[in-house]
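Have a look at the structure below before the remarks.
The values are calculated or read from the model by the stated rules, or taken from the named source; none is laboratory data. As the structure is a computational prediction, the values presented were derived from the model and not from experiment. Note: ideal-geometry Cβ built from the backbone for every residue, glycine included; neighbour counts use all protein chains shown. We work out accessible area using only protein heavy atoms, side chains counted, and drop any ligands, DNA or RNA first. Shrake-Rupley method; radii C 1.70, N 1.55, O 1.52, S 1.80 Å.
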Amino acid sequence: LVKIIPNKGAYVTGISDKDTRDIYVIRSYLEGLAARWACEHISEAEIESLEEVVYLSEFHAKKKHYEQLVELDNQFHETLYTAANSKELQRVLTDFHHYLQRVRKATLTVEERAIASNQEHMMIVEALKEHDADKAEKLATQHILSTAQNMERVGWDVLVS
């Protein structure tokens with residue numbers, strides 16, 4: 001986000017729509033990996049936390065409380081990253097997650113996407129409870145790709161600018 005030019009200083013470069021698209025594709029694979037690894041390591045407490053997030057997200061989506069949905073989405077993904085039991089995977093995914101914060105907020109304020117996202121989270125939790133690594137990986141990857149597809153419909157330029 002910042003470019004340093006010798007003898008001139010630092011300049012904010014921003015994030016382009018191509019950068020955002022690229023990050024979402026990369027993130028989709030890494031989220032799948034996180035879900036796969038979480039199947040091996042997830043605790044009952046983490047599953048309960050994910051279930052609570054899904055339940056609260058459903059409530060807040062109905063009330064159109066979008067700020068809470070963004071916070072709950074953060075909590076869902078951070079719990080998944082922790083459950084994957086890999087500091088490096090967690091670091092990379094957390095960086096991507098925060099890097100795209102504004103874009104993520106914009107997509108979660110689309111009611112249809114907010115509801116679909118929570119349903120996708122619910123299916124990921126079910127796969128985690130079953131310790132079905134293939135299913136969890138596929139669902140988590142598709143979840144991120146669905147978010148990117150929603151952005152395509154809304155318009156990347158609207159979300160990124």
Problem set entry | 1.4 Å probe accessible area per residue over the chain, in Å² | 55
Exercise. How long are the semi-axes of the ellipsoid equivalent to region 1-150, from square roots of 5 times the Cα gyration tensor eigenvalues, in whole Å, largest first?
Worked result: 28, 19, 13
Exercise. Lysine pairs, Cα distance under 22 Å, 8 or more residues apart or cross-chain: how many in the chain?
Worked result: 7
Exercise. For the charge dipole of region 32-130, defined by +1 on Lys and Arg C-beta atoms and -1 on Asp and Glu C-beta atoms about the Cα centroid, which residue among A106, A61, F96 has the Cα displaced farthest towards the positive pole?
Worked result: A106
Exercise. Ignoring ligands, DNA and RNA, what percent of the accessible area of region 16-141 is carbon or sulfur (1.4 Å)?
Worked result: 54
Exercise. Which helices count as membrane-span-like in the chain under these terms: full DSSP H, at least 24 Å along the axis by C-alpha, Kyte-Doolittle mean of -1.0 or more?
Worked result: 17-41, 44-62, 66-83, 111-129, 133-154
For this session: Return the Cα extents of region 76-161 along principal axes one, two and three, sorted largest first, each rounded to a whole Å.
Result: 38, 26, 16
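Could you rank the peptides 142-152, 42-52 by their average count of other C-beta atoms within 10 Å per residue, with the highest value first?
Packing proxy ranking, top to bottom: 142-152, 42-52.
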